[in-house]
Each structure stands twice: as structure tokens, then as C-alpha cells.
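The next block holds one structure in the form of C-alpha cells; read it before the comments.
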Amino acid sequence: MRIGQMLGSGRSADVYELDEQWVLRRYRDGLDATRELPVMSYLSASGYPVPRIGPQPPSAGPGDLVLQRLTGPTMLESLLSGDIDSVEGSAVLARLLAELHTVPARLSPDPEDRILHLDLHPDNVMLTADGPVVIDWSNTEEGPPALDRAMSALILAQVAVDPAGPAADGGRELLTALMPRLMAEGGIPARHLTDVAARRAANPTMSPAERGLIGEAVALVTALSR
């Protein structure tokens, strides 16, 4: 496996060019990528827009994952550039969450449980010529859809309440447009918002400043849920 140039870098992983079809996503912090493989395969078979999984070479480590090379901007890039607005962005996010939550759980015996992404925000949506594709399934679990809605809302709220953040105004606009759509899908019960707030506080990739915004972000989501 010949690894080419780095194409992008996130909080916990880097993405490298392999060829015109495939990229290598490599975790930097010891996370095991193999747990994502069956979930993404299951979602792909269900028709949900995820990157195709490529042939995993024998030399790949547990933190490596060969994935389809996607072409196009992230939703975040398109929002920041003005190519799409908050109304369009909120519609896409809400639809991606709603469609995901039609997919039954793979393992859970609870018939109400669904596949959850638990990190679905504009930087994890690629806008390709064939439509939006959801990336980064490292946090995926099975559970109640409201937990996923709560997490997406809280992530956007943290952006919105950050006084030093260049995307604060845009984050607030997007969250304000998104909340009615999430409420129409079943809303965000307080217990799930409390749950995701605790998860965010325990996230090792977040800075102390980001953790300090969680309380205000929870208050904003609560206010917009009324």
C-alpha cells in the first residue's frame, strides 16, 4: 500500500491519498477503525449515503481504514462560502438524520433502537455530485434517535455560543433553522440532552474552552426546543 499526500486532518485522524478511487483514513490516537466496518457496510446495503469501503490491505493497522475518495466540499465549507444557506443546510442535516433513523439496529434487541452517528454536523457531510455523503462513523452506536438529534443540536449550539468563534453567527442561524425540523421528527427530551452534554464534557479531543461552553449550549438548545 503506497500512501500519498495528506488530503485532510481532523481532531483524531488524518486522510491520505492512495489513488484516484481510494483514500486511507488513519487514526492518530489509538482508536480502532475496525468497529466501523460492519456498520458502514450495513448502512451502505440499506441505501444510506456513506463512503464505500475499499480493500483493506494486510499491512493496514487497526487504526487504518481504506475508503472511497469523495470529491466535493464539506457542508461546512459550503456554508462558510455562501454556496448554501442555513435553510438549505438545515434541511439536508435533518433529512440525513431522519433517513438514518429509519435503519433498524444491527445488534440491539430493542425494536425502537436505530443506528446512530452521534457526530453528525456540517463538517462530517461531504457534498458530492451524487448528493451528500456522511463521513466519520467513529462514534456510532445503536440507541434512540433522539440521542442523535440531541448531539447534533448541541454541537451546533457550542459553535453558536462561542464568542471567539468566527462561525458563531452562522452556527446560530443553522441551529435556529434546524431545531423546528428536529422537533417535528420527535424532538429532544431533556434526558437525552443531559446525556450528550456529559459525553461532550468527557470528549478528550475538546479543549477546556470548548467544554466551558457546554452549559450555555445546553441552555440554547433548551430554549429553542420550546
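The values are calculated or read from the model by the stated rules, or taken from the named source; none is laboratory data. Treat the numbers as computed from the prediction; the structure is a model and nothing was measured. Note that we place each Cβ from the backbone using ideal geometry, even for glycine, and neighbour counts take in every protein chain shown. Just so you know, the surface numbers come from the protein's heavy atoms only, side chains and all, with ligands and any DNA or RNA stripped out. Shrake-Rupley method; radii C 1.70, N 1.55, O 1.52, S 1.80 Å.
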Which one of these does THR71 not meet: (1) closer than 21 Å to HIS192 by Cα; (2) among the polar types (S, T, N, Q); (3) open to solvent by 30 Å² or more (accessible area, probe 1.4 Å)?
-> (1)
Consider PRO163 carefully, then state whether it is modelled with pLDDT under 95, of a type outside the set (Lys, Arg) and either touching a helix residue (DSSP H, G or I) at 6+ places or on another chain (Cβ under 6 Å) or open to solvent by 50 Å² or more (accessible area, probe 1.4 Å) (or both).
-> yes
Test LEU31 against the criterion of being open to solvent by 60 Å² or more (accessible area, probe 1.4 Å), assigned to a loop (DSSP other than H, G, I, E, B) and aliphatic (A, V, I, L, M), and give yes or no.
-> yes
Which of (1) on the phi < 0 side of the Ramachandran plot; (2) open to solvent by less than 40 Å² (accessible area, probe 1.4 Å) does SER81 not meet, given it meets every other one?
-> (2)
If you scan region 202-226, which residues turn out to be surrounded by fewer than 14 Cβ atoms within 10 Å (Cβ to Cβ), among the basic types (Lys, Arg) and modelled with pLDDT of 95 or more?
-> none
Of (1) touching an Asp or Glu at 6+ places or on another chain (Cβ under 9 Å); (2) of a type in the set (Gly, Ala, Ser); (3) outside any loop (DSSP other than H, G, I, E, B), ALA153 satisfies every one except (1)
So, first residue farther than 20 Å from HIS192 by Cα and among the β-branched types (Val, Ile, Thr) in region 131-144, second residue part of a strand (DSSP E or B) and open to solvent by 20 Å² or more (accessible area, probe 1.4 Å), Cβ within less than 7 Å, six or more apart or across chains; the pairs are VAL133/MET126; ILE135/MET126
Six or more apart or on different chains, Cβ under 9 Å: which pairs go from a residue in region 10-33 that's farther than 24 Å from MET206 by Cα to one that's of a type in the set (S, T, N, Q) and surrounded by 12 or more Cβ atoms within 10 Å (Cβ to Cβ)? Could you list them?
-> GLN21/GLN68; TRP22/GLN68; VAL23/GLN68
State yes or no: is MET183 closer than 26 Å to GLU88 by Cβ, in contact with a helix residue (DSSP H, G or I) (Cβ under 8 Å, 6 or more places away or on another chain) and assigned to a helix (DSSP H, G or I)?
-> no
Determine, yes or no, whether LEU76 is open to solvent by 30 Å² or more (accessible area, probe 1.4 Å) and within 12 Å of the chain's Cα centre (by Cα).
-> yes
